[in-house]
Amino acid sequence: DTEVTQTPKHLVMGMTNKKSLKCEQHMGHRAMYWYKQKAKKPPELMFVYSYEKLSINESVPSRFSPECPNSSLLNLHLHALQPEDSALYLCASSQMGGGLGSPLHFGNGTRLTVT
Amino acid sequence: QKEVEQNSGPLSVPEGAIASLNCTYSDRGSQSFFWYRQYSGKSPELIMSIYSNGDKEDGRFTAQLNKASQYVSLLIRDSQPSDSATYLCAVKSSGNTGKLIFGQGTTLQVKP
């Protein structure tokens, strides 16, 4: 079982809907990430939060809005999505600091379908 | 040139054989390297981290790193059908962002 929990596991939404993806970790990690993964492609970085502050936004369209309410929680708010936004959305967390990079630990993902 | 390159495969090996997965990277300053396994429809699962030149063994898995050649590999001994998955090589970039760059992944098929 993963220590990063994502809800919901599946989500179907229309292009005019507003929905949110949620992610929670209790490993004491201070970096949290949102990735998007299309079929047969590697994960693609969207956002990084370090110590609850947004540190990287990979030029993601504004219809995706991240939020980090505290060190354990990460949300991704969705509004006016397009069918091409259908994908597996992955949350991940990692430790901060140190001279070497800490590995990312992924949640089970949310399978999003935009109709 | 892609930052992290892997042969997409599929790599097909018989059960019990050694599977060898390879990865090259372009950022010479990278210091952290990871292998993830991803089953179809599931999320990536970390199986190995390696930071120093040489070999690192964990059970049936051995990661090998050669920074001079900018090359990292994963060996899976005694391959099992349950090892059939996509294996993602990931390299943490040097510099302030420390972004994790994924290769395209190699699909491994272990035939009984």
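Please treat every number below as a calculation from the coordinates, not as lab data. None of these values were measured; they are calculated from a predicted model. For neighbour counting, all protein chains shown are included, and Cβ atoms are generated from backbone atoms with ideal geometry for every residue, glycine included.
Once you have the Kirkwood Rh of chain B from its Cα pairs, apply Stokes-Einstein at 20 °C and 1.002 mPa s and quote D in µm²/s.
My calculation gives 153 µm²/s for D.
For chain B, the longest stretch holding no trypsin sites (Lys or Arg not before Pro) located in a DSSP loop with at most 12 other Cβ atoms within 10 Å is which?
B:29-112
Where the centre of each part is set by its Cα atoms, how far does the range A:20-35 sit from the range B:1-50, in angstrom?
Measuring centre to centre over Cα atoms gives 24 Å.
Expected output is a single nm value to one decimal: the length gained when fully extending between B:LEU11 and B:TYR71, i.e. 0.36 nm times separation in residues minus the C-alpha distance. What is it?
Length difference between fully extended and current span is 19.8 nm.
Within chain A, what's the longest run with no trypsin sites (Lys or Arg not before Pro) in a DSSP loop and at most 11 other beta-carbon atoms within 10 Å? Give the range, please. Intermediate values should be presented prior to the final figure.
Numbers: sites that count: A:LYS9, A:LYS40.
It runs A:41-115.
I'd like the projected area of the range B:1-51, averaged over all directions, using the convex hull of its alpha carbons. Report it in nm² with one decimal. Could the numbers behind the result be given before it?
Numbers: hull surface 19.3 nm².
Over every viewing direction, the Cα hull of the range B:1-51 projects on average to 4.8 nm².
Do you know the relative contact order of chain A, to the nearest whole percent, from alpha carbon pairs under 8 angstrom that are 6+ apart? Present the calculation step by step, with values, prior to reporting the outcome.
Numbers: 286 pairs, mean separation 42.7, N = 115.
Result for chain A is 37 percent.
Expressed as cubic angstrom per residue, what is the convex hull volume of the alpha carbon set of the protein assembly as shown? Walk me through the numbers before you get to the answer.
Numbers: hull volume 28.8 nm³, N = 227.
Taking the convex hull of the Cα positions in the protein assembly as shown, it is 127 Å³ per residue.
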